[in-house]
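The structure under discussion appears below in the form of structure tokens.
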Amino acid sequence: MDFLIRKTMLAWRNRHLLFAEPQPTYQPLSTPEELELLSPDHPDYDPESANRRNNVSNSAAFDTALKEGYGSRDGWVEMLPRWEWLRCILLAFLVAITPSFMKKGDGKAQKKLHPTAWLDGLRGVASLMVVFHHSSVLWYWPLNRGWGSSPEDYHFVQLPIIRLFYSGPAMVAIFFVVSGFSLSYKALSLTRKGRYEEVLDSLSSSVLRRGLRLVLPPATTTFFSMLFTYFGFYGTGAGFSGTASREPPQSLFLWEHLKSWYYSVIGLSDPFRPNNYPGGYNPVYDTNLWTIPVELHGSMVIFTTLLALSRVRGRWRIAILSGIVFYLSYYAYPHLFLFLSGVLLAELHHERESSSQLQKSHSVETTDDEIPASDSLPSNSAKWTSMKSFWLVNFLLALFIISMPAIDLGAVNSPGYILLSNYLPPHYAGVEYVKDTFWIFIAAFYLVFILDNAPFLQSIFTTRIAQYLGRISFALYICHGTYLYTMGWNLSERTLNWTGRQPGMQYAMGVGLTGVVMFPLLFWTADVVAREVDARSVTFARWLSNKISVGN
């Protein structure tokens with residue numbers, strides 16, 4: 001792909017040659033005397049050798065000319081067919097938009113996954129659930145009410161755990177815990193090894209790169225959202241199932257839209273904006289992107305905390321992190337609670353790994369005569385089975401709690417959640433948005449803790465499809481809102497006019513037809529954005545960090 005990009009850039013620099021008359025300016029590779037060409041009448045003439053010389057490819061001749069310094073680059077370019085460069089541009093475009101799973105080599109054996117690959121899969125599955133959540137908000141908003149909260153709310157998909165397939169707030173909470181775990185994992189590992197200079201280098205690079213990594217991809221996607229707004233692609237009107245359109249402010253002038261987009265990017269990159277989950281900030285071109293400045297703010301808090309604790313002993317570091325997490329939870333700093341709880345989980349993970357390595361080193365010193373295998377195997381097997389049962393029960397309990405609907409959407413009347421909704425700490429009760437976060441955020445923290453301690457459950461998130469979703473998770477998140485309220489909205493208007501809008505089969509068929517068209521295109525777009533925007537943003541941020549940093 002990089003080769004095609006370089007070739008395309010060269011084609012763009014020489015685009016004036018596409019329609020120019022060919023005027024070769026190159027110098028001859030050699031003189032006739034140097035070639036020592038023989039005529040057919042010469043007694044030493046060999047027809048076979050002459051044919052071989054005539055069949056030398058043009059590309060080889062060009063390579064020889066460039067290697068030996070003959071001719072100018074412009075002359076070499078003009079020797080190529082005029083439409084070759086246009087073909088290169090088209091080829092680069094086709095390669096860019098080809099989904100990664102359709103490319104050659106995708107069916108090869110998977111590389112060995114790193115120890116925390118399940119976090120990527122968990123993030124990917126959560127991203128998919130967020131897409132389903134916002135789809136339900138657009139087309140089936142009543143399903144977000146709690147099961148049994150009213151006589152109309154006894155649908156199967158509203159049951160606890162089942163409703164997680166379209167539960168957005170729970171998935172966002174998982175995002176933030178996973179971010180805290182992932183961002184602190186390397187720094188904590190270096191800290192435990194006493195490599196303090198590398199810790200400082202790692203944190204410095206992370207701080208410099210984090211803003212670009214988080215803001216550049218949504219800045220790119222919202223630029224297209226701005227163009228869609230200008231051309232009137234957003235749906236308008238009352239909408240479906242009681243939801244309103246998310247059309248950004250309209251203007252007749254493109255310049256006004258460009259200014260609006262610029263200010264929206266500034267808002268996305270502001271890590272100091274106060275956010276009250278999630279109503280403190282609604283980005284102009286995609287309200288789902290309220291999480292970007294929250295993520296940026298949380299990342300800076302994580303890096304500051306890691307720097308402060310980098311020279312603290314292991315057990316004291318765990319104690320201090322536990323105190324910080326408890327404080328943030330009790331005094332209703334819900335997002336910072338999630339980020340710092342991820343840091344605490346990463347520290348506990350390293351502590352457990354260290355203890356496991358220590359036990360293995362002791363077991364190597366033990367001889368076979370000291371512990372008979374016939375006595376140890378049954379007890380170990382029974383212990384392992386009981387531990388699996390313990391973690392599985394806790395896993396289901398965490399899923400049940402994290403399925404809790406919002407207080408204003410029937411949690412106080414929904415069986416199983418009546419007690420939880422009536423018991424909230426004083427700093428949460430009665431505060432809009434925040435009152436819905438306490439139990440869900442506690443459950444998100446506990447869920448990731450369980451998965452980290454139960455490797456047999458991690459296999460759900462290390463499958464190929466989960467890992468693929470993990471690779472495109474950020475791109476999927478920043479693209480789906482615009483897709484839903486442009487293509488999804490407008491397609492629904494047409495399909496529902498065709499199938500009918502009566503609740504039940506008519507409405508379901510219309511929405512289903514829209515999904516059949518929209519969702520494949522959405523995943524295709526997310527795949528392209530993940531490779532050509534997100535991955536390149538990461539590369540650019542790393543390059544810039546290395547370029548401006550001392551010692552590189």
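No lab work stands behind these numbers, since they all come straight from the coordinates. Just so it is clear, the model here is predicted, and its values are computed rather than measured. Ideal geometry is used to build each Cβ from the backbone, glycine not excepted, and the neighbour counts take in all protein chains shown.
Observations on the model:
- Seen from Glu295, the other residues with C-beta closer than 13 Å to its C-beta sum to a net charge of +3, counting Lys and Arg as +1 and Asp and Glu as -1.
- Its Cα gyration tensor gives the stretch 181-309 an equivalent ellipsoid, and the semi-axes of that ellipsoid, as √(5λ) in whole Å with the largest first, are 38, 15, 11.
- Using θ = phi - 60° and Karplus 6.51 cos²θ - 1.76 cosθ + 1.60, couplings along the stretch 130-139 (whole Hz; Gly, Pro as x): 5, 4, 5, 4, 5, 5, 5, 4, 6, 10
- Highest to lowest packing among 483-490, 137-144, scored as the average C-beta count within 10 Å: 483-490, 137-144
- With a Förster radius of 41 Å applied to the beta-carbon distance between Phe101 and Leu348, the computed FRET efficiency rounds to 0.70.
- Extension gain, Leu94 back to Trp498 (0.36 nm per residue minus Cα-Cα distance, nm): 142.0 nm
- Pairwise FRET efficiency - Met505 versus Asn413, Cβ, R0 = 41 Å, nearest 0.05: 0.90
- When each of Lys186/Lys259; Lys186/Lys360; Lys112/Lys193; Lys112/Lys186; Lys112/Lys388 is checked by Cα-Cα distance, pairs over 29 Å: Lys186/Lys259
- Efficiency of FRET between Lys383 and Phe272 - r from beta-carbon atoms, R0 51 angstrom, step 0.05: 0.50
- Residues of the stretch 254-275 with amide N under 12 Å of a point placed 7 Å along Cα→Cβ from Val431: 275
- Count Lys and Arg as plus one, Asp and Glu as minus one, and take only other residues whose Cβ is under 13 Å from that of Gly146; the net charge is then -2.
- At full extension, Ser241 and Val157 could sit 28.6 nm farther apart than now, given 0.36 nm per residue minus the alpha carbon distance.
- Per principal axis, descending, Cα span of the stretch 467-552 in whole Å: 67, 24, 16
- Averaging the sequence gap over all C-alpha pairs within less than 8 Å and six or more residues apart, then dividing by the number of residues, gives the stretch 491-551 a relative contact order of 21 percent.
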